[in-house]
Amino acid sequence: MGSQHSTSARRPSYKRKKDDREDVLDEREQEEAIAQFPYVEFTGRDSITCLTCQGTGYIPTEQVNELVALIPHSDQRLRPQRTKQYVLLSVLLCLLASGLVVFFLFPHSVLVDDDGIRVVKVTFNKQDSLVILAIKATLKIRNSNFYSVAVTSLSSQVQYMNTVVGSYVTTNSSLIPPRSEQLVNFTVQAEMGGPYSYVYFFCTLPDIQAHNIVIFMRTSVKMSYMGHVTQSSLETHHYVDCGANSTAV
């Protein structure tokens with residue numbers, strides 16, 4: 001009886017080992033069978049097949065830097081922080097830069113003012129009853145721009161009783177520094193005789209202390225800056241003492 005009991009006990013254990021061995025074989029066969037089929041992604045209506053995997057289930061190493069990863073739209077990386085603040089700051093900086101460019105480069109006005117005249121020399125020609133005035137005039141030019149302004153030409157006429165008795169023209173260019181003012185001097189010669197010979201007798205009267213006559217001056221200044229050409233004109237009346245600093249010839 002003892003031998004029969006031991007034999008019956010061995011049979012279940014042997015059968016258990018055999019079943020385990022068959023299970024292992026079945027699993028290996030399933031793995032080998034799966035390995036023979038390429039990677040297939042089963043997609044539904046709301047998904048698409050991975051085009052970059054090429055049916056292998058993985059991305060080749062040599063194509064890592066060439067392929068673009070698909071990131072879900074809800075991913076936080078697609079939602080940069082403080083986007084509105086950055087956009088608003090960029091817009092403000094652009095507006096500030098544009099405003100500064102316009103402020104510094106937009107042409108401002110260049111003011112030309114009369115700074116007075118003075119007679120440098122008076123010459124009397126007794127034979128022709130002629131009075132010759134050498135008049136020194138001064139202009140004050142104020143440059144409000146942030147760049148230099150070039151004075152390209154200056155012309156002036158002296159009139160007495162609506163008749164031109166003297167003129168001056170120059171094309172010598174002078175430069176006015178930015179944000180500054182500069183005095184420009186020029187001398188114009190006026191001759192009064194012929195129909196105005198009475199001026200000679202008036203200016204040579206010894207009984208009169210001040211020999212003032214009125215002259216009219218029309219001055220024109222052309223300026224250029226930043227490709228922009230402008231012209232300023234002045235029309236002024238002046239009293240001139242034709243009896244001072246006189247010389248007879």
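Observations
- Residue within segment 133-154 that is without any contact (Cβ under 8 Å) to a residue 24 or more places away in the chain and not hydroxyl-bearing (S, T, Y) present: no
- Residue pairs whose Cβ atoms lie under 8 Å apart, separated by 6 or more positions or on different chains, with the first residue in segment 169-181 and under 16 Å from L139 (Cα atoms) and the second modelled with pLDDT under 95 and assigned to a loop (DSSP other than H, G, I, E, B), are L175/S148; I176/S148; P177/S148.
- Top-ranked residue of segment 148-175 - restricted to ones that are in a strand (DSSP E or B) and touching a Pro at 6+ places or on another chain (Cβ under 9 Å), ranked as least open to solvent (accessible area, probe 1.4 Å): V149
- Of residues in segment 93-126 being modelled with pLDDT of 90 or more and hydroxyl-bearing (S, T, Y), the one farthest from S224 (Cα to Cα): T123
- Hits in segment 210-232 (condition: outside any strand (DSSP E or B) and at pLDDT 90 or above): none
- Residues that are open to solvent by less than 30 Å² (accessible area, probe 1.4 Å), of a type in the set (V, I, T) and part of a strand (DSSP E or B) within segment 176-209 comprise I176, V184, V188, listed in sequence order.
- Sub-9 Å Cβ pairs linking a first residue in segment 104-124 that is farther than 14 Å from N145 by Cα to a second residue that is hydrophobic (A, V, I, L, M, F, W, C) and surrounded by fewer than 12 Cβ atoms within 10 Å (Cβ to Cβ), at least 6 apart or interchain, are D115/L183; T123/A248; T123/V249; F124/A248; F124/V249, ordered by first then second residue.
- Evaluation of I141 against (1) exposed (fewer than 15 other Cβ atoms within 10 Å of the Cβ); (2) at pLDDT 90 or above (one fails), failing number: (1)
The values are calculated or read from the model by the stated rules, or taken from the named source; none is laboratory data. For clarity, every value in this text was computed on a predicted model and none was experimentally measured. Positions of Cβ are generated from backbone atoms using ideal geometry, with glycine treated the same way; all protein chains shown enter the neighbour counts. The accessibility values were calculated without ligands, DNA or RNA, using every heavy atom of the protein model including side chains. Shrake-Rupley method; radii C 1.70, N 1.55, O 1.52, S 1.80 Å.
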